[in-house]
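Beneath this line is the structure, given in structure tokens, with notes to follow.
What follows is calculated from the coordinates using simple rules that are stated; it is not laboratory data. In this text, all values refer to a predicted model and were calculated from it rather than measured experimentally.
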Amino acid sequence: MVSEYIALAIGGVLLATVLVALFSKKVSISLIALFYSSIMLGVTFTVYGDTLVGLLTMVTFAGAVSVLLLSVILITGESKLDIGAGRASMGLTALTIAVVVSCVYVLTSGLAGAPSGILPDVSTVVMLFAWQYRPWDLLILVTVFASAMLAVANLLSRSE
Amino acid sequence: MQPDETVLMATGTALLFLGIASVSYSKNLIKSMMAFQVAVFGANLSLFSSGLLAPPDLQIHVFVVLSILVGAAVEAAGLAVIVTVYKKYRTLNPAEIRRLRA
């Protein structure tokens, strides 16, 4: 079982991102905070041993639903999406590139490829095929995650 | 009850009530849908943490997956309704929409 301090940290970050999402005046800031809270929820599920549910949460909420929300915001013109946080955007882009390069290195160097004695959790037994080929799935997921992060960075960098 | 399970359950409950309260008080339909998403997060987290102490069992995982998919589908339908409402009334304020309907 994971330490209660990790649970406290995860819960605190999750609550903080959700509070920013709910009480921010700008809809675009709310959307970005909601994106990060989806990521945090997925991380929570993954840390507590349910990889499949964690990945599904990230793909569904941080991916599909965030894009849907962004589309609706753009259609209705509810937010001008002008934030103008150039430094945050640059930092986020650098962080994304670092994360993607390290993930691609780990995944392609075979460290995560072989089933190195790590037992799959209960939920992944159902999808043994996906478990066996998980490095490729993870590589696709990393690509999708990087695209989403760069979209957020682009959103941050816009200014009037 | 384990401490980490308690923390996750408390966080999930807080998210659920925050989401429900924000859905009620929000003056923007898009923010209402965001609050609904927060409520779904809380429900999922509470459901997940309730199964942490149980022996490895597929039931809780299946329920959480089902809850995620149903939540996402409801949110997509809600956003489609929001776009339709906006095209008709040109506003996303529920009170304004109610006034225009009358």
Determine by what factor the alpha-carbon radius of gyration of the stretch B:3-101 differs from 2.2 N^0.38 Å, reporting the quotient.
-> 1.32
Kindly provide the pair-distance distribution of the stretch A:1-81 built from C-alpha pairs, with 5 Å bins from 0 and whole-percent values in order of increasing distance.
-> 3, 16, 21, 22, 17, 10, 6, 3, 1, 0
With N residues in the stretch A:26-72, what two-decimal value do you get for its Cα radius of gyration over 2.2 N^0.38 Å?
-> 1.17
